[in-house]
Structures are given as structure tokens and as C-alpha cells.
Amino acid sequence: MQILATDLDGTIYIEDKLIDNVQESHNYLLNKKIKIIYTTNNSSQNPIRIQQKLENLLETEIDIDSVVTPLKVLNEYLHNKKFNIFIYGSQELTDYVSAISKVTTNINDADLILIGRKEKNDQKNVSEIIDFVNRGKKIMGMNKDLTFPTYDNKEKIGNGVVIKTIEDEVGINIQTFGKPDNKYFNYLNNKFKRIDFMIGDRVDTDIVLGNNLNAKTFLVNSSVKNHMKNNIADYKFDNFSECVSFILKNF
């Protein structure tokens, strides 16, 4: 069985709207018995919410094991670890982590600072985090996406902006649980062993990850602007549907 991994935001949907022709192409893949892995860097929503969103938009059942998010990677990382975690991020991220680990609102008590995304960044909180990291506090992030796509072809600020600010101030590289970093790569590689195709809208996340997985990579032009050269992608198409048509005809 061939396995196709696809990005979600900007590739399958934008916010709560399915991109044109995705549902038909998704059905073609299922009819051809191609296994689909749904990959995302979204850590503001828990995996079950993303699964339910996919089921509603695609009008089909989605196996939760095929939905891979930074929260799943984090869950695996925290297994048998006893961290006290300070979270900078959404309430849903805090609720998810609270269910699998100990969470503190006092940064002094934290063994680990975890950086997610907030709708509005708290500069005072970020400055406090920088101070603690300078003093040796362990820090990790959910992903390094600087932006994510919206309906109106604009882009919202992602949690990568805060991570980059901290990295620049402290002079460190912050490990994350998102694409294309090692923990996400290892999770996919260990769970699925082989991925044949990777479709996504970002060179720095989807295409880099796909190349690392030795998959055929397909870059779509359906959402964000890429600031990294796109010549590392094996193929470039306008959208998910065109990628699927090419794969079904040629592989």
C-alpha cells in the first residue's frame, strides 16, 4: 500500500473552508487504496478537534491515528517524564498538556517552558521567559511557523515569531515538536516506516520534511508565500487536486 502524507492548513483547507476540488481528489485516493496521513503544525487545537474538522469538511471518517500534530509528538515525548511545565500559548494547548503532565502558572516552578501561539502576544511575558532562559531554564516550542493562512489571502502571525524572538535574544536554537524538526520526523518515521508522497504549501516545513523522509515532494501554491527557494521540491502544482491527478497517473 502506498502512503501519502499531506499538510492541512493551506493545502486541504484554509481556516474552516475546504480548498476547491479537495474532497473529490481525497475520495480518488481512498478509492485507489492509498493511505493518507494528515500532518499539521497546528498546536492550538487538540488532535480530536482536527480529526472532527476533517470529517466534517471531507464528509468521511478519519482515523485519529492518521492525524499527526505537534501535540501527539509532545505526548510521546512527555511519556514517563515528570516535568512541571509553564505554557505560553492557547487555553486548548494548556488543557491538553494538563491532561498528560503537570502544568504550572508560576514560571519559577517550571522545569520546562513550552512555547505555543497566542491570539495576541504578551511582550511582558515573553521578556520574562527570555530572562529565565538566559538563566538556564529549559525551553521548547510547538513549531516555528512564522505565519499561517487565512480566508482573505492574508497571513496571521504564528508562534514561530515568539520562538525567533527568544532565539535571537538568547542566542540558542529552540527544539520544537513540529514539522520539519527531528521529533516530528522521528514520530512519522517510527509510526509509518515509509511515506511515498508528501504534499504541502511550505518549503521550510512540508518539503524539507518530505525530503528527509525520502518521499516524493509536491509543493502547492494555494496559500502562503514561501521565502525559501522552492527548487528542493520534486514537483510544483497549484493545488492538492493537481498533485493527486499527477500521482495517480504516474506512480
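Worth a mention:
- Counted residues, segment 114-147 - those being touching a residue at least 24 places away in the same chain (Cβ under 8 Å) and among the acidic types (Asp, Glu): 3
Condition check ((1) modelled with pLDDT of 95 or more; (2) within 19 Å of the chain's Cα centre (by Cα); (3) crowded, with 18+ Cβ neighbours inside 10 Å) across all residues:
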residue	(1), (2), (3)
Val133	yes, no, yes
Pro149	no, yes, yes
Asn153	no, no, no
Gly171	yes, no, no
Val208	yes, yes, yes
Asn211	yes, yes, no
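- Taken as a whole, segment 31-44 holds no residue that is part of a helix (DSSP H, G or I), touching a residue at least 40 places away in the same chain (Cβ under 8 Å) and surrounded by fewer than 17 Cβ atoms within 10 Å (Cβ to Cβ).
- Condition check for Gly210: of a type in the set (Gly, Ala, Ser) and either free of Cβ contacts under 8 Å to residues at least 24 places away in the same chain or in contact with a helix residue (DSSP H, G or I) (Cβ under 8 Å, 6 or more places away or on another chain) (or both): no
- Residue count for segment 78-102, restricted to those that are surrounded by fewer than 18 Cβ atoms within 10 Å (Cβ to Cβ) and touching a residue at least 40 places away in the same chain (Cβ under 8 Å): 2.
- Subset tally (residues that are farther than 30 Å from Gln23 by Cβ, among the aliphatic types (A, V, I, L, M) and part of a helix (DSSP H, G or I)) for segment 75-96: 1
The values are calculated or read from the model by the stated rules, or taken from the named source; none is laboratory data. All values derive from a computational prediction rather than experimental measurement. We place every Cβ from the backbone using ideal geometry, glycine too, and count neighbours over all the protein chains shown.
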